[in-house]
Ligand code: G6Q
């Protein structure tokens with residue numbers, strides 16, 4: 001670590017660890033001690049209260065609730081940082097909300113959040129700090145890990161990224177044959193792909209420089225060779241720059257795609273020295289970067305305290321910075337920072353991440369909802385639900401508590417979704433009339449980036465009409481009053497009382513995107529904290545990384561198929577080999 005220990009540590013010893021040996025230490029760390037204040041949710045008074053309230057919640061009638069309280073739409077709403085969150089169309093009342101706030105308090109969420117912001121090793125199974133918040137901290141902030149202030153390192157990397165992004169955008173960084181770089185291809189997967197691609201798509205309108213030029217970014221993630229083919233077949237290697245993004249630099253998909261990219265580039269460029277002009281790396285693993293053949297002078301680092309799914313504002317966002325320029329990227333970071341401050345300082349009742357998280361806990365654990373649909377009414381956010389799917393499901397898709405004992409409650413729901421209004425013409429049918437209630441987050445921007453005819457009003461009318469219809473439905477009497485024949489009435493009846501949260505935001509910008517993403521990051525934090533799981537490890541993903549390696553030689557024919565698996569896998573391997581002529 002380059003940072004100097006210039007100031008006295010402000011952090012107290014971790015409440016979860018007696019001592020913090022290096023993450024790389026080969027001796028296993030002692031089992032974490034869950035602090036007494038981090039209470040299991042079902043051991044709280046609030047949980048018991050919520051269990052009682054759930055009976056009422058499940059039969060709540062939103063028509064009656066709105067009729068009984070004319071101010072409900074503004075009472076159950078908060079606004080901050082240009083985001084208006086209306087949660088009044090959820091099956092909650094004041095008593096439920098009070099019990100949910102009490103739950104957060106009894107579970108020690110605020111203390112846990114303080115431990116995160118202080119750089120304590122709250123990722124206990126990997127013995128790591130969780131400091132994505134340091135990635136957007138101002139230059140003069142002091143955030144320490146093991147006594148070292150990490151903020152200067154963050155800004156040093158940011159400044160290197162800026163010089164690089166400016167050079168590529170301005171045409172100073174040229175390819176091996178002297179041509180300008182026209183396309184940047186990010187090679188990465190999971191956390192090293194989903195954030196950058198989501199942000200690139202969301203901020204496409206911000207990619208032009210003052211001369212009206214923009215660099216196109218493409219993203220290769222899948223090991224499926226078709227992905228590589230489709231993303232490169234029309235590119236000129238002389239004008240293409242690859243950013244190989246991998247925290248570990250050992251992920252098989254990324255390493256294979258990167259090797260293929262090198263072969264593809266050198267087929268035309270011939271000279272191996274060209275690699276230096278056409279490949280840069282983003283990683284925490286300098287040794288592997290060097291082994292791959294990329295000069296570590298062209299490597300942008302980050303740290304083990306940044307989880308993959310929390311890394312889009314680290315150097316993993318290099319392609320985002322090249323696309324929108326350093327000023328745009330600073331704005332994006334500013335948005336993240338705004339929400340960090342809001343999360344740290346706003347009381348839970350006015351706190352956007354707390355509210356989204358608590359409504360989610362209510363729907364999941366007390367009303368039994370198994371999925372949540374994220375429905376952005378903004379085409380630019382068409383990759384948002386895929387991004388949030390990883391953020392929430394990888395963070396909180398856990399079955400054991402911090403102390404390793406099984407969770408006695410439900411954790412992450414399934415997150416899914418598509419932009420409205422497209423989804424309306426597809427799966428909304430099930431949301432309106434299916435047998436499983438699906439809580440929805442509806443997200444829209446009041447101001448469009450492009451005012452085109454009536455489009456924005458029609459879009460927003462749909463956005464509002466859907467949450468209204470989902471909440472209030474259509475009764476059999478209303479259907480009959482339209483002259484509907486009796487046999488058709490059940491088919492045309494909408495039960496209503498389908499919970500939605502509405503996020504009406506001012507206008508999409510890099511800053512607003514940063515705020516929105518940090519909102520969901522902290523939502524996942526609050527939920528994970530209440531569910532008492534480690535939101536920052538991903539052992540399920542790690543398993544996938546090793547399993548395939550065993551089978552690869554059996555498929556390629558390099559290793560005989562020894563019938564070493566179960567009868568299903570053995571038969572499938574045999575069928576594959578036969579069809580591949582092996
Ligand atoms: C994210 C996960 C996972 C990870 C990918 C890529 O939190 O850990 O999605 O980002 O498996 O890993 P590398 O960046 O190490 O290639």
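The values are calculated or read from the model by the stated rules, or taken from the named source; none is laboratory data. None of the values given here were measured: they were computed from a predicted structure. As a convention, Cβ positions derive from the backbone with ideal geometry for all residues, glycine included, and neighbour counts pool all protein chains shown.
Here are a few things to note about the model shown:
- Among (1) touching a helix residue (DSSP H, G or I) at 6+ places or on another chain (Cβ under 7 Å); (2) buried (at least 17 other Cβ atoms within 10 Å of the Cβ); (3) closer than 23 Å to residue 270 by Cβ, the one test that residue 177 misses: (2)
- Within the stretch 356-472, helices (runs of 4 or more DSSP H) holding 1 or more residues that are over 22 Å from the mean Cα position of the chain (by Cα): 428-433, 455-472
- Here residue 99 does not qualify as without any contact (Cβ under 8 Å) to a residue 60 or more places away in the chain and over 23 Å from residue 369 (Cα atoms).
- Candidates 379, 389, 447, 424, filtered to the one that is closer than 30 Å to residue 206 by Cα and free of Cβ contacts under 8 Å to residues at least 40 places away in the same chain: 389
- Any hit, the stretch 85-107, residues being touching a strand residue (DSSP E or B) at 6+ places or on another chain (Cβ under 9 Å) and either in a helix (DSSP H, G or I) or on the phi > 0 side of the Ramachandran plot (or both): no
- Residue in the stretch 122-144 that is touching a strand residue (DSSP E or B) at 6+ places or on another chain (Cβ under 9 Å) and in a helix (DSSP H, G or I) present: yes
- In the stretch 85-106, the residues that are within 17 Å of residue 533 (Cβ to Cβ) and within 24 Å of the chain's Cα centre (by Cα): 104
- Checked against the criterion of being within 16 Å of the ligand (Cβ to nearest atom), at pLDDT below 95 and more than 30 Å from residue 338 (Cα to Cα), the candidates 549, 558, 562 yield just one match: 549.
- Within the stretch 303-327, tally of residues that are surrounded by fewer than 20 Cβ atoms within 10 Å (Cβ to Cβ) and closer than 22 Å to residue 199 by Cα: 2
- Top-ranked residue of the stretch 233-260 - restricted to ones that are surrounded by 20 or more Cβ atoms within 10 Å (Cβ to Cβ) and more than 16 Å from the ligand (Cβ to nearest atom), ranked as nearest to residue 194 (Cα to Cα): 241
Here's the yes/no breakdown for (1) away from the ligand (no atom under 16 Å from the Cβ); (2) under 26 Å from the mean Cα position of the chain (by Cα); (3) in a loop (DSSP other than H, G, I, E, B); (4) free of Cβ contacts under 8 Å to residues at least 40 places away in the same chain:
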{"position": "156", "(1), (2), (3), (4)": "yes, yes, no, no"}
{"position": "161", "(1), (2), (3), (4)": "yes, yes, no, no"}
{"position": "167", "(1), (2), (3), (4)": "yes, no, no, yes"}
{"position": "172", "(1), (2), (3), (4)": "yes, no, yes, yes"}
{"position": "184", "(1), (2), (3), (4)": "yes, yes, no, no"}
{"position": "191", "(1), (2), (3), (4)": "no, yes, no, no"}
{"position": "198", "(1), (2), (3), (4)": "no, yes, no, no"}
{"position": "217", "(1), (2), (3), (4)": "yes, yes, no, no"}
{"position": "222", "(1), (2), (3), (4)": "no, yes, yes, yes"}
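- Evaluation of residue 483 against (1) within 17 Å of the chain's Cα centre (by Cα); (2) surrounded by fewer than 22 Cβ atoms within 10 Å (Cβ to Cβ) (one fails), failing number: (1)
- Some residue of the stretch 262-284 being surrounded by fewer than 22 Cβ atoms within 10 Å (Cβ to Cβ), within 16 Å of the ligand (Cβ to nearest atom) and within 18 Å of the chain's Cα centre (by Cα): no
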